[in-house]
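**Q** Here's a structure for you.
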Amino acid sequence: MNRGAWSGAIAGLVLGLFLKMIQFITGEKVYTLLLNVDFIPVIGKVDWPEVVEFLFHLIIAVIIGIVFGGLLQLKKWETPLIQLLIAACLTIPTIFLYFPLTLLAHQATPGVWNGWALFYWTIGHALFMVVLLVTYRLLTRKKASSG
């Protein structure tokens, strides 16, 4: 598995665990929102176990990681600022998914204008971005020093 995929998987794991912890502590259903697929045709009709819903989330995170790694390798972008900008361009749109996801959800999720839930969602996705970037850089450095 390439560095981008691993970075996405690790960042997705951190995001999921962070939002699960926030939901446990505050009661804001941000983790429920993250895993929610009830509005998607066909798969939304199935009552999936949490672990499968989390796997769906990780698949998306891995795809983001692969795109991130692919973009960096394609252009050989090695400067931290460019890498940060690319990570931000891939992550910031996921923050705005909060709005359509809350509107489309059939199960109980935070309200569209719930400021605290949006705050936690944003912090979680910013954490995803940082972990994606740092993990990719660590894996790149490790590969360069061993190869």
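**Q** May I ask you to give the solvent-accessible area per residue for the range 1-83, in square angstrom, as obtained with a 1.4 angstrom probe?
**A** Each residue of the range 1-83 exposes 57 Å² on average to a 1.4 Å probe.
**Q** At 0.36 nm per residue, minus the direct Cα-Cα distance, what do Gln107 and Thr79 gain on full extension? Give it in nm, one decimal, please.
**A** Residue separation times 0.36 nm, minus the Cα-Cα distance, leaves 5.8 nm.
**Q** Taking the Cα centre as origin and putting +1 on Lys and Arg beta-carbons and -1 on Asp and Glu beta-carbons, what dipole magnitude results for the chain, to the nearest 20 debye?
**A** My answer is approximately 700 debye.
**Q** Can you give the FRET efficiency to the nearest 0.05 for Trp116 and Trp48, using r as the Cβ-Cβ distance and R₀ = 30 Å?
**A** Efficiency at R0 = 30 Å is approximately 0.65.
**Q** Now a separate question. For the chain, take the longest principal axis of its alpha carbons; what is the angle in degrees between that and the long axis of helix 80-96, to the nearest 10 within 0 to 90?
**A** 10 degrees
**Q** To the nearest 10 degrees, how steep is helix 3-26 against the longest Cα principal axis of the chain, on a 0 to 90 scale?
**A** Computed tilt is about 30 degrees.
**Q** May I pose another question? By the scheme Lys and Arg +1, Asp and Glu -1, what is the net charge of all other residues having a beta-carbon under 14 Å from that of Leu118?
**A** Neighbourhood net charge equals 0.
**Q** Another question, then. Provide Val14, Val51, Val130 ordered by accessible surface of protein heavy atoms (probe 1.4 Å), highest first.
**A** Val51, Val130, Val14
**Q** With the dipole of the chain worked out from charges on the C-beta (+1 for Lys and Arg, -1 for Asp and Glu) around the Cα centre, which of Thr94, Met21, Trp6 lies farthest toward the positive end?
**A** Trp6
**Q** Give me the percent of accessible area attributable to carbon and sulfur for the chain, probe 1.4 angstrom.
**A** 74 percent
**Q** Okay, moving on. How high is the relative contact order of the range 14-147, in percent, with contacts defined as C-alpha pairs under 8 Å that are six or more residues apart?
**A** 35 percent
**Q** Ok, one more. What's the whole-number percent of alpha carbon pairs in the range 11-147 lying beyond 17 angstrom?
**A** For the range 11-147, the share of Cα pairs beyond 17 Å comes to 61 percent.
**Q** Can you give me the C-alpha center-to-center distance between the range 1-26 and the range 82-140, rounded to a whole angstrom?
**A** Distance between centres, Cα-based: 11 Å.
The values are calculated or read from the model by the stated rules, or taken from the named source; none is laboratory data. Since this is a predicted model, take the numbers as computed values, not measurements. All Cβ positions, even for glycine, are placed from backbone atoms using ideal geometry, and neighbour counts span all protein chains on display. With ligands, DNA and RNA removed, areas are computed over all heavy atoms of the protein, side chains included. Shrake-Rupley method; radii C 1.70, N 1.55, O 1.52, S 1.80 Å.
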